[in-house]
Amino acid sequence: MKPQAELFKKILVANRGEIAVRVIRACRELGIKSVAVYSEADRAALHCQMADEAVTIGPAPSLDSYLHMDRIIEAARRTGSEAIHPGYGFLAENSDFCRRCEKEGVVFIGPNSAALELVGDKVRARQAMEKAGVPIIPGMKNVAAGLEECVSQARKIGYPVMVKASAGGGGKGMRIVCNEEELRPALEAGQREAKSAFGDDSIYLEKYIEEPRHVEFQVLADNAGNTVHLFERECSIQRRHQKIVEESPSPALDPGLRAKMGETARKVMTTAGYNNAGTVEFLLDKDRRFYFLEVNARLQVEHPVTEMVTGVDLVHQQIRIASGQKLELKQEELRQRGHAIECRIYAEDPSNQFLPSPGRILYLKEPRGPGIRHDCGIYSGWDVPIHYDPILAKLIAWAEDRESACRRMLAALDDYVLLGISTPIPFLKDVIRHPVFREGKATTGFIKAHLDGWAEAAKDKEKQGLALAAAAFLASDQKTSYRAAAPGAGSGAGEAYSAWKTLGRWRLGE
Ligand code: MV4
């Protein structure tokens with residue numbers, strides 16, 4: 001057997017927060033030097049402390065730092081980095097950046113620029129996938145030319161229809177249209193939103209699928225065209241297109257459907273000429289028909305649940321593939337073992353419309369234990385900047401089966417203490433405890449249908465814990481100014497265990 005290509009010696013990580021930390025950790029494990037980049041707001045950030053080197057790339061606003069291609073490529077040059085890992089967000093799916101890297105001879109750890117461009121154009125991707133025999137949502141074959149065409153197409157498709165942006169993704173520019181009167185305003189609004197979000201107002205129409213599930217398949221493809229899928233993630237628990245809880249396996253699939261969707265996902269990626277790690281998103285309707293939605297051409301936030309059930313380190317695989325190595329994983333050898341659930345910990349206040357909650361982390365106690373993983377970009381004493389995506393950390397629980405994973409997650413959320421800023425931890429507990437979630441029956445409408453009035457119900461519980469939290473810090477030796485954090489629902493009356501109370505008592509010397 002031919003020996004595998006050598007791995008890179010140094011990688012620049014063009015990101016921040018938990019995902020930069022995640023990638024730096026993988027580099028260390030593979031014996032690769034890592035270079036962090038940071039904006040002025042991130043001088044003291046965790047990813048800078050963990051990397052072998054850290055390079056400043058400009059002022060706090062993303063456009064002047066983490067999105068500034070010239071500065072990032074220059075930083076790679078100066079440090080002698082052979083490759084750039086873009087993480088997620090920022091430049092991860094930017095085909096211009098990918099092409100710049102290709103031209104400059106720095107390896108972009110992700111797909112090639114042609115594949116990135118194809119999957120970024122939803123209309124072109126739909127055309128290519130339909131031709132390859134992949135099931136797509138009934139709808140227009142081309143970008144809409146004008147109102148008249150949309151009127152006649154919508155009649156053909158049948159209401160309700162959905163307006164979508166061709167450059168879109170993540171719900172931007174999307175509108176549901178129930179009848180002909182609504183069509184014109186929806187088109188105009190969708191176009192306006194797409195123009196401002198993507199600089200491209202191309203839109204098209206699709207049949208609207210009601211109450212779908214969002215099921216996505218993780219794929220790895222090497223540069224020689226070998227492709228495997230690593231099964232699915234169920235991502236239906238979302239709030240305004242922001243995922244909150246993800247899991248693997250999906251409670252909605254059986255082995256037959258899983259195999260069919262997995263093979264379709266591989267076909268999507270080979271059709272796109274895709275390489276490295278990527279995800280194929282599907283919608284699953286009430287009758288368990290599945291449709292190709294889009295390709296996420298990056299390492300995703302929720303990748304850990306796949307790692308926990310397959311035992312495959314996706315970042316190691318990304319780096320190996322980008323270095324030119326062949327996939328050693330064989331589809332028939334891959335298995336899902338047990339069940340993993342991820343909760344996203346954002347700096348936001350669930351009792352105040354999920355508004356951002358930046359500020360100083362006064363205290364962080366990470367949950368521990370068998371089957372618990374905490375991917376985290378913060379530490380006690382650090383100030384969470386307001387400039388970026390508010391994701392702070394991800395809590396992942398693995399266990400033999402779904403119910404055990406839920407229980408393990410709840411115990412870990414109870415054990416999680418984060419003071420100084422608001423987090424959705426109490427809200428997450430109510431999601432995991434909810435009978436509809438617990439039965440594995442949640443669709444994309446779950447949060448709206450079952451937890452929309454959550455803030456009101458939670459306020460009382462929060463107040464009960466507030467006094468204890470304040471007392472804990474007045475009694476502590478921290479001389480820093482702070483806002484008392486909203487404590488978790490775990491401090492409610494009658495609860496057997498609360499990490500909050502334990503902390504409060506300890507601080508008070510009880
Ligand atoms: C849809 C849909 C229903 N019908 N397309 C939302 C994000 C973007 N990637 C696609 N999305 C949707 N497309 C048709 N034809 C419903 C959604 C959708 C959704 C999809 C996945 C997860 C959560 C969602 C929440 C609302 C709407």
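Beyond 32 Å in Cα-Cα separation lie the following of the pairs Lys172/Lys365; Lys122/Lys286; Lys330/Lys394; Lys33/Lys330; Lys10/Lys330: Lys172/Lys365. Here the relative contact order of the stretch 195-348, from alpha carbon pairs under 8 Å that lie six or more residues apart, stands at 29 percent. Helical runs (DSSP H, four residues minimum) scored at -39500 (n - 2.57) apiece and divided by the length of the chain put the mean residue ellipticity at 222 nm at -11000 deg cm²/dmol.
Gap in Å between the Cα centre of the stretch 2-74 and the Cα centre of the stretch 90-130? Comparing the Cα centres of the stretch 90-130 and the stretch 2-74, I get a distance of 20 Å. Across the stretch 329-346, computed HN-Hα scalar couplings (Karplus, 6.51 cos²θ - 1.76 cosθ + 1.60, θ = phi - 60°) run 6, 10, 3, 6, 9, 7, 9, 9, 10, x, 9, 10, 10, 10, 10, 8, 9, 9 Hz from first to last residue, x flagging Gly and Pro. Between the alpha-carbon centres of the stretch 375-432 and the stretch 278-328 there is a gap of 23 Å. Taking 13 Å as the straight-line reach from the Cα of Lys326, the aspartates and glutamates in range (excluding those fewer than 8 positions away in the same chain) are Glu6, Asp222.
Each peptide among 381-388, 153-160, 314-321, 416-423 gets the average number of other Cβ atoms lying within 10 Å of its residues, and from highest to lowest they stand as 416-423, 314-321, 381-388, 153-160.
Only the coordinates and a few stated rules stand behind these numbers; no lab work does. No experiment lies behind these values; they were computed from the predicted model shown. No Cβ is skipped: glycine too gets one built from the backbone with ideal geometry, and neighbour counts run over all protein chains shown.
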